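A.B. asks: Right, I'll just put the structure down here and ask away after.
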Amino acid sequence: MLLDPTNPRCRQITGRIPVHRWGTGEDMKGACIFLASHASDYVAGAVIPVDGGYLGK
């Protein structure tokens, strides 16, 4: 299984994530609150990655 820490691919992926862990539902909280608030009223057609920095590397 991919989330098994003994799986080499799991170690590869978590090694690339700057926070060195898989995301959780709690990690989505900030983006969801932002998108549900008036602060995002002018946001349209944007992709907001919530990936712990995975795409940044």
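A.B. asks: Would you call P18 within 14 Å of the chain's Cα centre (by Cα), on the phi < 0 side of the Ramachandran plot, not polar (S, T, N, Q) and not in a helix (DSSP H, G or I)?
C.D. replies: Details: within 14 Å of the chain's Cα centre (by Cα): yes; on the phi < 0 side of the Ramachandran plot: yes; not polar (S, T, N, Q): yes; not in a helix (DSSP H, G or I): yes.
It is true that P18 is within 14 Å of the chain's Cα centre (by Cα), on the phi < 0 side of the Ramachandran plot, not polar (S, T, N, Q) and not in a helix (DSSP H, G or I).
A.B. asks: Then there's this: Would you be able to tell me the number of residues in region 1-32 that are open to solvent by less than 80 Å² (accessible area, probe 1.4 Å) and in contact with a Leu (Cβ under 8 Å, 6 or more places away or on another chain)?
C.D. replies: Adding up the residues that qualify gives 2.
A.B. asks: I48 - would you say it is out of contact with any His (no Cβ under 6 Å at 6 or more places or on another chain), assigned to a loop (DSSP other than H, G, I, E, B) and either aliphatic (A, V, I, L, M) or in contact (Cβ under 8 Å) with a residue 60 or more places away in the chain (or both)?
C.D. replies: On the way: out of contact with any His (no Cβ under 6 Å at 6 or more places or on another chain): yes; assigned to a loop (DSSP other than H, G, I, E, B): yes; either aliphatic (A, V, I, L, M) or in contact (Cβ under 8 Å) with a residue 60 or more places away in the chain (or both): yes.
Spelling it out, I48 is indeed out of contact with any His (no Cβ under 6 Å at 6 or more places or on another chain), assigned to a loop (DSSP other than H, G, I, E, B) and either aliphatic (A, V, I, L, M) or in contact (Cβ under 8 Å) with a residue 60 or more places away in the chain (or both).
The values are calculated or read from the model by the stated rules, or taken from the named source; none is laboratory data. These numbers were taken from a predicted model, which means no experiment stands behind them. Here the Cβ is made from the backbone with ideal geometry for all residues, glycine too, and neighbour counts use every protein chain on show. Note: areas computed on protein heavy atoms with side chains; ligands, DNA, RNA excluded. Shrake-Rupley method; radii C 1.70, N 1.55, O 1.52, S 1.80 Å.
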